[in-house]
């Protein structure tokens with residue numbers, strides 16, 4: 001029988017990440033004890049962070065004071081959490097699958113003799129569902145050991161509604177961990193933020209499905225129909241060098257929410273969807289009817305984008321632009 | 001300096017796979033094409049670039065899998081890796097990250113690698129665990145999602161930048177030996193010259209038989225494979241291509257976009 005469910009609350013620049021509250025919804029879907037939240041922070045920021053968690057969730061908050069270390073550091077998290085959780089087995093700890101959570105989860109599991117299930121997107125009949133082969137199949141996992149470290153895909157659950165009925169208790173724990181072999185050297189802002197993407201009303205976005213760099217011309221053609229538009233791209237397109245990284249849309253690129261997002265040959269990796277699914281209207285063109293982009297699109301068109309766009313632009317010209 | 005790059009062979013066209021009879025794993029079809037995991041290509045390239053800066057560096061590539069993965073090891077040799085290592089698997093099966101990391105760690109322990117690179121994740125099982133687990137098993141420092149590295153050879157340290165959300169980067173200084181999982185975009189992987197590939201084809205590979213005493217609890221957490229339940233949110237526009245285009249014109253006109 002599972003004794004504990006813990007949720008690791010992640011934060012950046014003094015703010016709890018929304019993904020923490022999504023993990024709470026995931027915990028709600030698990031048959032198990034009421035979860036507790038764990039937050040690690042330096043002495044100064046720990047108090048407001050744990051206060052926010054206790055007020056918003058009404059749950060027990062374990063606030064681990066890491067002294068002067070004020071930023072995420074994998075080694076610190078792994079050592080501190082391993083020490084705290086060592087005698088709490090059997091437990092599940094749920095961690096957002098972000099750049100922090102995905103970084104520390106496997107090593108944490110190893111240190112605790114727990115199993116590790118990453119990038120969980122759902123729970124089906126008590127098993128954890130996640131994508132494999134780029135979403136071509138769904139894999140169902142269940143723990144192979146008494147305790148488990150789970151990472152939850154951002155956006156897979158909606159953030160839990162704040163519970164205003166009660167305020168949770170806060171237990172402060174002082175971390176003894178002081179000797180780290182890793183030094184952090186600060187955060188660099190993105191070199192690839194693109195205001196053209198954030199102000200555009202329409203984003204025409206390219207995926208690997210456009211086939212080759214020359215086919216970007218089709219997207220430029222489509223762009224002529226929309227005056228306040230910008231070009232976006234999936235990570236794969238930027239990695240291939242078809243567009244530079246300032247055009248990348250996704251969790252590691254630009255997060256956008258235009259009035260119209262026109263996805264061309266984008267299959268819809270979760271990290272891409274996370275960057276654009278709040279767009280008001282989404283049109284997706286893809287040859288594969290099972291492409292995940294269609295799970296967020298309002299209008300789904302199963303066609304080869306390289307044939308469809310010229311056809312679409314021609315028909316537009318027939319209607320609107322053709323000179324007699 | 002000795003660098004090991006762990007390369008995985010993955011299928012290039014997942015639309016050719018089917019779920020096997022017991023629904024425990026997948027089966028590849030006759031049209032399935034295999035290639036190196038893309039993230040691992042960036043890892044091989046980054047190792048090559050370190051060797052260009054520090055010519056004494058030795059770079060090895062290792063792959064665990066059935067006989068077919070030898071072509072991926074040879075691809076790494078074609079990119080310039082000096083030594084290829086194959087840990088054979090008798091059958092073409094799923095290997096959990098825990099088992100994979102354990103087998104690799106047992107095989108390379110004591111070989112004096114200063115750096116071990118993997119891709120940030122494998123494109124097939126998408127679990128993103130092996131790098132971190134190897135660092136734990138071997139007691140190496142570790143960083144994931146690496147987008148830049150700078151090696152200070154003298155001090156036995158490496159400075160890295162990890163990719164964060166929104167394209168921001170976290171700077172870290174790690175003590176060697178270290179495991180880095182490499183993110184795509186850190187470099188542009190080279191395309192091996194034909195002459196290099198021909199040479200690689202004939203190069204001998206080191207075969208390391210896996211240890212016979214694999215701990216029993218490494219079988220992992222995978223229980224079943226199913227078809228994804230894609231619930232399309234929106235409307236599929238139907239008809240011939242021209243009809244779809246005309247309907248889309250009307251739709252976008254209706255939303256006042258056109």
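The values are calculated or read from the model by the stated rules, or taken from the named source; none is laboratory data. Computed from a predicted structure; not experimentally measured. Neighbour counts run over all protein chains shown; Cβ positions are idealised from the backbone, glycine included.
Can you pull out every residue in segment A:35-50 that is over 23 Å from the mean Cα position of the chain (by Cα) and free of Cβ contacts under 8 Å to residues at least 60 places away in the same chain?
Taking segment A:35-50 and keeping what is over 23 Å from the mean Cα position of the chain (by Cα), we get A:42-48.
Result: A:42, A:43, A:44, A:45, A:47, A:48.
In segment A:298-307, is there at least one residue being within 17 Å of residue A:234 (Cα to Cα), more than 9 Å from chain B (Cβ to nearest Cβ) and over 18 Å from the mean Cα position of the chain (by Cα)? Yes, the conditions are met somewhere in segment A:298-307. Highlighted here are the strands (runs of 3 or more DSSP E) found entirely within segment A:21-104 that include at least 3 residues which are surrounded by 23 or more Cβ atoms within 10 Å (Cβ to Cβ) and touching a strand residue (DSSP E or B) at 6+ places or on another chain (Cβ under 6 Å): A:36-41, A:91-96. Being surrounded by fewer than 19 Cβ atoms within 10 Å (Cβ to Cβ) and more than 30 Å from residue A:71 (Cβ to Cβ) is the filter here, so list the residues in segment A:187-211 that pass it. Matches in segment A:187-211: A:196, A:199, A:201, A:208, A:211.
Residue count for segment B:113-136, restricted to those that are part of a loop (DSSP other than H, G, I, E, B), surrounded by 21 or more Cβ atoms within 10 Å (Cβ to Cβ) and within 14 Å of chain A (Cβ to nearest Cβ): 7. Answer yes or no as to whether residue B:161 is at pLDDT 95 or above, closer than 15 Å to residue A:182 by Cα and at the interface with another protein chain (Cβ under 10 Å from one of its Cβ atoms). Answer is yes for this residue.
From the list A:281, A:313, A:249, the one residue that fits, being in contact with a strand residue (DSSP E or B) (Cβ under 7 Å, 6 or more places away or on another chain) and touching a residue at least 24 places away in the same chain (Cβ under 8 Å), is A:249. When segment B:105-124 is filtered for residues that are more than 19 Å from residue B:175 (Cα to Cα) and within 10 Å of the chain's Cα centre (by Cα), the ones remaining, listed by number, are B:119, B:120, B:121, B:122, B:123, B:124. Residues in segment B:176-186 include none that are surrounded by fewer than 13 Cβ atoms within 10 Å (Cβ to Cβ) and either facing another protein chain (nearest Cβ under 7 Å) or free of Cβ contacts under 8 Å to residues at least 12 places away in the same chain (or both). Segment B:9-112 holds strands (runs of 3 or more DSSP E) entirely within its bounds, and those carrying 3 or more residues that are touching a residue at least 40 places away in the same chain (Cβ under 8 Å) map to B:9-11, B:58-65, B:83-88. Please verify whether segment A:126-137 includes one or more residues that are farther than 30 Å from residue A:259 by Cβ, part of a strand (DSSP E or B) and more than 24 Å from the chain's Cα centre (by Cα). The answer is no; no qualifying residue exists. Taken over segment B:66-91, the residue count meeting the criterion of being touching a helix residue (DSSP H, G or I) at 6+ places or on another chain (Cβ under 8 Å) and farther than 17 Å from residue B:197 by Cα is 3. Give me the residue from segment A:205-233 that is in contact (Cβ under 8 Å) with a residue 60 or more places away in the chain and more than 28 Å from the chain's Cα centre (by Cα) and, out of that set, farthest from the other protein chains (Cβ to nearest Cβ). Selected residue: A:215. Against the definition (more than 8 Å from chain A (Cβ to nearest Cβ) and either over 20 Å from the mean Cα position of the chain (by Cα) or closer than 30 Å to residue A:271 by Cβ (or both)), how does residue B:195 come out, yes or no? In short, yes. The residue that is farthest from residue A:258 (Cα to Cα), among those in segment A:194-208 that are in contact with a helix residue (DSSP H, G or I) (Cβ under 6 Å, 6 or more places away or on another chain) and not in a loop (DSSP other than H, G, I, E, B), is A:208. Taking segment B:213-258 as the range and being over 30 Å from residue A:140 (Cα atoms), more than 7 Å from chain A (Cβ to nearest Cβ) and out of contact with any strand residue (DSSP E or B) (no Cβ under 9 Å at 6 or more places or on another chain) as the test, the residues that pass are B:238, B:239, B:240, B:243, B:250, B:253, B:254, B:256.
Candidates are the residues of segment A:308-317 that are surrounded by fewer than 24 Cβ atoms within 10 Å (Cβ to Cβ) and more than 7 Å from every other protein chain (Cβ to nearest Cβ); the one that is farthest from residue A:214 (Cα to Cα) is A:317.
Being within 11 Å of chain B (Cβ to nearest Cβ) and free of Cβ contacts under 8 Å to residues at least 24 places away in the same chain is the filter here, so list the residues in segment A:253-278 that pass it. Answer for segment A:253-278, where residues must be within 11 Å of chain B (Cβ to nearest Cβ) and free of Cβ contacts under 8 Å to residues at least 24 places away in the same chain: just A:255. For segment B:19-32, does any single residue satisfy the condition of being out of contact with any strand residue (DSSP E or B) (no Cβ under 9 Å at 6 or more places or on another chain) and modelled with pLDDT of 95 or more? The answer is yes; a qualifying residue exists.
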